[in-house]
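Only one structure is covered here, and it is reproduced in the block below.
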Amino acid sequence: MPHAYDPQNIFARILRGEIPNKTVLETAHTLAFHDIQPQAPVHVLVIPKGAYASYDHFAAEASDAEIVDFNRAVAEVCRLTGVDLGEGGQGFRAITNAGAHGVQEVPHYHLHILGGRPLGRMLARADS
């Protein structure tokens, strides 16, 4: 299965209310909450409420309403956390991991929004 989805993954359980979270924003199709192991002063996870395993799965199969809602929610999270490029914001990094090579730990599409300090280069150059 190219897009195996485990309905018992931690994000599915958060969406069902089985595990608490520190919500930043909730919309009709999206939930954003603080990461429990933040890697930067701002570290928010943005997830669709639908059962999508990865970004490519979401992009291929989500409804137009889900896609628009998700993207607008990301913009609002950036604004709410002060990392957007509006007044005073210094920027952010948006990261999603997919599959084994992407080191995806939870099989539910999620976007990390990180900011609040200079983050350095994302990857070192690999010659292989």
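The values are calculated or read from the model by the stated rules, or taken from the named source; none is laboratory data. All of these numbers come straight from a predicted model, not from anything done at the bench. In this analysis, Cβ positions are derived from the backbone assuming ideal geometry, glycine residues included, and neighbour counts consider all displayed protein chains.
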| Has segment 16-33 got at least one residue that is under 21 Å from GLY99 (Cα atoms) and either surrounded by fewer than 17 Cβ atoms within 10 Å (Cβ to Cβ) or not aromatic (Phe, Trp, Tyr) (or both)? | no
* Determine, yes or no, whether HIS57 is in a strand (DSSP E or B), buried (at least 17 other Cβ atoms within 10 Å of the Cβ) and in contact (Cβ under 8 Å) with a residue 24 or more places away in the chain. => no
In the set ARG72, ARG79, the lone residue that is without any contact (Cβ under 8 Å) to a residue 12 or more places away in the chain, basic (Lys, Arg) and part of a helix (DSSP H, G or I) is ARG79
Quick check on THR23: is it hydroxyl-bearing (Ser, Thr, Tyr), modelled with pLDDT of 95 or more and in contact with an Asp or Glu (Cβ under 8 Å, 6 or more places away or on another chain)?
no
Selection from segment 82-115 of residues in a loop (DSSP other than H, G, I, E, B), under 20 Å from LEU25 (Cβ atoms) and free of Cβ contacts under 8 Å to residues at least 60 places away in the same chain yields GLY82, VAL83, ASP84, LEU85, GLY86, GLU87, GLY88, GLY89, GLY91, THR96
All-but-one check, ASP6 against (1) in contact with a His (Cβ under 9 Å, 6 or more places away or on another chain); (2) within 25 Å of ARG93 (Cα to Cα), failing number (2)
Note: among PRO118, PRO41, just one is surrounded by fewer than 19 Cβ atoms within 10 Å (Cβ to Cβ) and touching a residue at least 60 places away in the same chain (Cβ under 8 Å), namely PRO41
